[in-house]
Structure formats: structure tokens, C-alpha cells
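Worksheet: one structure, shown below.
The values are calculated or read from the model by the stated rules, or taken from the named source; none is laboratory data. Everything quoted here is computed from the prediction, not taken from an experiment. Counting neighbours? That spans all protein chains shown, and the Cβs are built from the backbone with ideal geometry, glycine included.
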Amino acid sequence: MATTYQRDDYLDSTAEFTDNIEKRETLGKVFEILFLIGLLIGLFVLALLLFDIFRDGLARFLSPGFLTETPSRFPDEGGIRPAIISSIILGIVVIVVTVPIGVGAALYLEEYAPRNWWTAIIEINISNLAGVPSIVYGLLGLGVFNYLLGFGPALISGALTLSLLSLPVIIVTAREAIRAVPNSLRYASYGLGATKWKTISSHVIPYAIPGILTGVIISISRAIGDAASLIVVGAVGFLTFNPGLFQRFMALPIQIYSYITRPEPGFANAAAATIIALLLLILALNGVAIYIRQRFTIH
Amino acid sequence: MQNINPRDDSYQSFRQSLEKNASDDIVEKLIGIILFACALVSVFTTFGIVLIIFKEAFGFFQKVSFAQFFLDTKWTPLFAEQHFGVWPLINGTLLTTAIAMAVAIPLGLSSAIYLSEYAQPKVAAILRPAVELLAGIPTVVYGYFALLFVTPLLRNVLPLELFNALSAGLMMGVMITPTVGSISLDAIQAVPRSLREGAYALGITKLESIFRVVLPAALSGIIASIILGISRAVGETMTVVIAAGQQPKLTINFAESVETMTAYMAQISGGDSPRGSLNFQTLYAVGALLFLITLALNIISYWVANRFKEKYD
């Protein structure tokens, strides 16, 4: 079918119109491949990064005593036990502090809050807090926990700082989970004479638990991997004892940073080995979360 | 239906449960108040950040004038001859952020376009979380990789310093790719099918529908995702501390060592500056600037996402 286009009839649209369909489809194929390459570059870097870290650190990671001994001045000796224990305590405190407060705040905003300017302020405020850099939370922690409350550069200061850092993510994801609970469940509960809190505690929360847990794990993983805020609060790069709540502390990311900044070459391997430990800890957390999610999902 | 007999046992227990509910009312109110208090924690967090940062920053600006801070071109608070010009730190932040965005924008957008427009749903369901894994890797790990893998690799072809803006920026870009990609993907998927189908009906190819219809329709979400990515890059600390170095200077040469605002903050925290000293206060002065920049970016991103959101209902 021969078609002629009059430039004068459709000034703008035909000026850029070409009916060479083969050429246009070929260009389409080229771009499809470009988009795919763009996607794969990220995955390739991820694979390369993991490969590099395991190549550098696996031998050191598997060397006897690496997970159970205290650090040493020599790169091939000693271990990272104080860092592991610090990170685990930090994670536990963050969970204990943030889960009730975060879920409570989410429940308030979804189930109780009136739609007014005051609620809007709280909402905008939470989404802003989610974007505040971790190192700025460090400044907050230094001011409030170290100085105002007088804890000093102790594990509890670091843990509470990480808790504040984690809260916005937990609140946002918990809200989404609570919002996804069908209203019919609430009405059924009210219809049986349950009070508001009984409806929430026996229907809304159990139904929303898988979603809430996802948010908790995402933010705990972020907290356990965070170093910037802990540097400001006063984590140390070298610790020879298992820290208590009110003692000087470190953490796995701090241990990694401390190893990287040492000049002797062997410390790079120790850093990579510590990274393996950190990644395994995060992986284990996510595994637990996936298990609990499947266990508690209500079909 | 039974008639209710006031002397009946079941009526008694029904009444008891009603009375119990009434007494529960106090508990109900109390729970409402407790939950409200939980929500207030976030408000106090913001107040805490603002009060503490600006109180210490105020102390700084009583000793160092705004003019010195914003007009001087040297940042040497730790030297004998002290200068407090913040521009070298801003320069380092801008340089690494620009490199990061040069990576994150094309990678993030092409991931989003591919996952939404080309990939089979089953494939996309696997690839999307895989790409998002990049955001779950601790940033100190990116620092390690930038310093000990990327820099040595690039030094084979480029005359890079051991610490340089390029490696740090590149890895930061990979790290931020999921931020740009995820939010863009949501925006692209929110574009209704009918728009694409209308375009196809006019004889347009798939690629043309992406560039002429889908991306313009999703533009607000894409811009919001990019601004949020910039905010992430500006606030990122560990990658630049480890791989970009600690030399505050005014340069656009990505092969050189620079110092970002966050890297300076980490550096001064690691040292033991006594509280109330000028060095201690520089931490808060730079922190206040960082906080204001990221806050502005977050607000603009939020505003763009809402202001230009197309309504398709």
C-alpha cells in the first residue's frame, strides 16, 4: 500500500515520522539489549564483589580461631570475637527498642490517627527521617546518649543511635502491612463485640505480621551494616574483651574499617574475612525472616 | 430466638462481659495514648537532630564567621594555620556524587525499563530482588571493593592516585542504582496499559512507546527517584572515607584524592577532639550543612513526586 504523507497537512507530527519499520524495529532490538546490559552490569558487579571478597578472605575466615579469638596486632593472628558479640548485642537491642515503638507508631497512624494537619506533620516527618544520612544520626546519638544522658561512648549509646536510625523504615513498612489488612476482618471482629484494641491485637497484628517482619529485617540488616553513625558515637577499632552494655564497643563494620585502614597487606585479608562474617550474619537474619514469614502467613 | 431472662445464667455472663468491656475502656484509652507516644518518638527525633546540631553549629559560628565558612577556599582546621572554608568539602561531595549519578541514572533507569517493559513476569520476579540486593550490601563493603579492587584495576589504564574520587564515585553509583531503579520502576508500572495500547494503535514501535509515552508519563517518579539518589550519595560516608581519601581541595579531577563533607566528619570523629573545642564544633557545622542539603533534596523529591503526579483514574 503506497501511502504519501503531505508535510503541509500534519506539520509537526509527520516531520519526525518515518515509515521505515524495519529500521525502527532494529533500533528497538538494539535498545532492548542495551537496557538488559544496564540491568546485568549491576548484577555483574555484585557477583564480582562477592567473588573478590571470598577470594581475599575465605582462607583467613576459615583459619582456626578467627571467629572465637580477640583481635591481634598481627594480621594473621587473632580473631573478631568482640566485634561479632558487639554486633549481635547491637542487633538485639535495636530489635527490642524499635519493634514495639515502630509497630506502635504504625498502628497509631493507621488505626487511630485523625486525618488532620498534625497527623500530616508526623507523616512527612517520618518520610524525611528515612532520608537523613546515618552520620547525622551519629551526631544526634553523640549529643543525646553520650553527653545528655551521660552514657559516654558505650555500647548502649551506639545501640540506641542505631535504633533511631532504624525506626522510620520499620514504621513505613509496618504501615503498609497494616494497611493491607482487609477491612472485612475488622468489621467481623467489631460485629462480635470486640473492642478496638482486641480487634487490633487479635486480628490486625497477626494478619500483618509477615509484612511487619520484612520491614524489621530490612532495617536491622541496615543497622548491623552501618558504620558511619557508630564512628561518630565513638566505637573503637580495637577491643580485646567482650563488651557489656555500658562499656566501650565495636561492631563488625567498624572492625572492617579498622582493618582496611591499616597499612600492612595481611590486614586486607582480615578485612575481607570479616566482611564474610558480616554478610553471613545478614544472610542468616534474612533466612530467619523468610522462615518466620512463611510460618505465620495467613492464607 | 430465645427470650432473654434476666435471671438466666447466660444473660448474667453476657452482662458481665459487657461490664468488663466498659472497664476495658480505660485500657482502650490508655493504649491509644501509648501508641500516640510511639508516633511522637519520631517527632522528638527530628527536634533532637535540629536542636543538637544547630546548638553546636551556633557555637562554631560565634568563633568563625559565615563569611569565612562560605567564602574561604581552604579547609585546614587541623593545621597550625587554620582555615574554615567549606567549599573544598562541598567540592568533594559534588564530585563523587556526580560520578555516582552518572552510573546510577543509566543503570537504574535501564533496569527499571527492562524489568517493566521487556522481562517476562517470572524473570522480573527473580531479577528485581537480585538488583535490590545491591542496596542491602553494607557500604563499608563497597569501600573495601573500591579501594582494593576497582582502584588497582583502573590504575592499569588511568593515572589514578591511590585514593581517588573515581573509584569511590563508581561504587557509590552501583550502590544507589536500586534506589533510582526501584522508585522509577514503580512509576513506570503505574503508567496505565491503555496509554501504551493507544500508542501501538497509532503504529508506534515498542521502543518509541517507551520514549514518547511511558517515560514522559512516569517523569515525576523518575525525577523524584534521581533526586533521592543524589541525597543518598551526598550523605554516604563509608565508601568515600575509605576510597576517596581525606584531602580537602577544589578540583574536578576525578583521579585525585578529595574529601567529602561526610568523610571529614568521620575523620574528626575518629580523632579525640574534646567537647566544646573548635574542632569538635566543626563536626556539627559541617553536619548542619549536610543535614540541610539532604533535607532540601528529600523535600524537593517528595514535592516533585506529588506535584507532577498524573492522575489516571
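Kindly list, by first and then second residue, each pair from a residue in the stretch A:36-53 that is at the interface with another protein chain (Cβ under 7 Å from one of its Cβ atoms) to a residue that is outside any helix (DSSP H, G or I) and among the aliphatic types (A, V, I, L, M), limited to pairs with Cβ atoms under 8 Å and residues at least 6 apart or on different chains.
Correct list of pairs: A:Leu46/B:Ile137; A:Leu49/B:Ile137.
Exactly one condition in (1) within 14 Å of chain A (Cβ to nearest Cβ); (2) touching a Phe, Trp or Tyr at 6+ places or on another chain (Cβ under 8 Å); (3) surrounded by 24 or more Cβ atoms within 10 Å (Cβ to Cβ) is not met by B:Ala165; state its number.
Among (1) within 14 Å of chain A (Cβ to nearest Cβ); (2) touching a Phe, Trp or Tyr at 6+ places or on another chain (Cβ under 8 Å); (3) surrounded by 24 or more Cβ atoms within 10 Å (Cβ to Cβ), B:Ala165 violates only (1).
Go through B:Pro129, B:Pro106 for me and flag whichever is at the interface with chain A (Cβ under 10 Å from one of its Cβ atoms), without any contact (Cβ under 8 Å) to a residue 12 or more places away in the chain, farther than 18 Å from B:Gly287 by Cα and within 23 Å of the chain's Cα centre (by Cα).
It is B:Pro106.
Give B:Ala233, B:Ala266, B:Ala224 a once-over and let me know the one that is crowded, with 23+ Cβ neighbours inside 10 Å, among the hydrophobic types (A, V, I, L, M, F, W, C) and either free of Cβ contacts under 8 Å to residues at least 60 places away in the same chain or assigned to a loop (DSSP other than H, G, I, E, B) (or both).
B:Ala266
State whether the residues of the stretch A:189-199 include one that is under 30 Å from B:Ile31 (Cβ atoms) and aromatic (Phe, Trp, Tyr). Break it down into steps so the answer makes sense when it comes.
To start, the set of residues in the stretch A:189-199 that are under 30 Å from B:Ile31 (Cβ atoms) comprises A:189-199.
Narrowing the set further to residues that are aromatic (Phe, Trp, Tyr) leaves A:190, A:197.
Yes: one or more hits.
Looking at the stretch B:174-217, which of its residues are within 10 Å of chain A (Cβ to nearest Cβ) and in contact (Cβ under 8 Å) with a residue 40 or more places away in the chain?
If the condition is that a residue be within 10 Å of chain A (Cβ to nearest Cβ) and in contact (Cβ under 8 Å) with a residue 40 or more places away in the chain, then B:Val174, B:Met175, B:Thr177, B:Pro178, B:Gly181, B:Lys206, B:Ile210 are the ones that fit.
Please go through the stretch A:223-245 and give me each residue that is of a type in the set (Phe, Trp, Tyr) and either at the interface with another protein chain (Cβ under 10 Å from one of its Cβ atoms) or in contact with a strand residue (DSSP E or B) (Cβ under 7 Å, 6 or more places away or on another chain) (or both), ordered by number. Spell out the reasoning first.
Initial filter on the stretch A:223-245 (of a type in the set (Phe, Trp, Tyr)): A:238, A:241.
The one that is of a type in the set (Phe, Trp, Tyr) and either at the interface with another protein chain (Cβ under 10 Å from one of its Cβ atoms) or in contact with a strand residue (DSSP E or B) (Cβ under 7 Å, 6 or more places away or on another chain) (or both): A:Phe238.
As an exercise: evaluate A:Arg24 against (1) within 9 Å of another protein chain (Cβ to nearest Cβ); (2) at pLDDT 95 or above and give the number of the one condition it does not meet.
With respect to (1) within 9 Å of another protein chain (Cβ to nearest Cβ); (2) at pLDDT 95 or above, A:Arg24 is out only on (2).
So, in the stretch A:164-197, of the ones that are in contact with an Asp or Glu (Cβ under 8 Å, 6 or more places away or on another chain) and surrounded by 14 or more Cβ atoms within 10 Å (Cβ to Cβ), which residue ends up farthest from A:Ala223 (Cα to Cα)?
A:Thr195
Going through the stretch A:131-179 one residue at a time, which ones are touching a Ser or Thr at 6+ places or on another chain (Cβ under 9 Å), assigned to a loop (DSSP other than H, G, I, E, B) and either within 11 Å of chain B (Cβ to nearest Cβ) or of a type in the set (D, E, K, R) (or both)?
If the condition is that a residue be touching a Ser or Thr at 6+ places or on another chain (Cβ under 9 Å), assigned to a loop (DSSP other than H, G, I, E, B) and either within 11 Å of chain B (Cβ to nearest Cβ) or of a type in the set (D, E, K, R) (or both), then A:Gly131, A:Val132, A:Pro133 are the ones that fit.
Is there a residue being touching an Asp or Glu at 6+ places or on another chain (Cβ under 9 Å), of a type outside the set (D, E, K, R) and surrounded by 15 or more Cβ atoms within 10 Å (Cβ to Cβ) anywhere in the stretch B:66-81?
Checking the stretch B:66-81: at least one residue is touching an Asp or Glu at 6+ places or on another chain (Cβ under 9 Å), of a type outside the set (D, E, K, R) and surrounded by 15 or more Cβ atoms within 10 Å (Cβ to Cβ).
Which residues, counting only those in the stretch B:237-263, are surrounded by fewer than 19 Cβ atoms within 10 Å (Cβ to Cβ) and hydrophobic (A, V, I, L, M, F, W, C)? Before the answer, list the steps.
Here is the first cut: in the stretch B:237-263, the residues surrounded by fewer than 19 Cβ atoms within 10 Å (Cβ to Cβ) are B:246-247, B:249-253, B:255.
Once the filter is applied, which keeps residues that are surrounded by fewer than 19 Cβ atoms within 10 Å (Cβ to Cβ) and hydrophobic (A, V, I, L, M, F, W, C), the stretch B:237-263 yields B:Leu250, B:Ile252, B:Ala255.
How many residues are touching an Asp or Glu at 6+ places or on another chain (Cβ under 8 Å) and within 22 Å of B:Ile268 (Cα to Cα) if we restrict to the stretch A:198-246?
0
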